[in-house]
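We did not get these values from a lab; they are worked out from the coordinates using the rules stated. The structure displayed is predicted, hence computed values, not measured ones. Please note: Cβ atoms are built from the backbone with ideal geometry, for glycine as well, and neighbour counts cover all protein chains shown.
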């Protein structure tokens, strides 16, 4: 199966490692995990003019999505 993560981008469900809410300040995902990956350049940003709300981690890339993590998990 495939998961639509926003902006006409789909990911195979078996490649997904995790879906995280990056708006949650208590988890520190952005500071400890995502910020170093942004500097390396293997992050796909699907948000256009608004801040991302979720982070989808796959085997080979990280995808920033404007769709909430709870909505992505229900799909």
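Overview of results
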item: Some residue of segment 26-40 being crowded, with 16+ Cβ neighbours inside 10 Å and touching a helix residue (DSSP H, G or I) at 6+ places or on another chain (Cβ under 8 Å); result: no
item: Qualifying residue in segment 61-69 (condition: touching a residue at least 60 places away in the same chain (Cβ under 8 Å) and not in a loop (DSSP other than H, G, I, E, B)); result: yes
item: Residues (in contact (Cβ under 8 Å) with a residue 12 or more places away in the chain and in contact with a helix residue (DSSP H, G or I) (Cβ under 7 Å, 6 or more places away or on another chain)) located in segment 1-12; result: 1, 3, 5
item: Selection count, segment 13-53, where residues are within 16 Å of residue 73 (Cα to Cα) and touching a residue at least 40 places away in the same chain (Cβ under 8 Å); result: 7
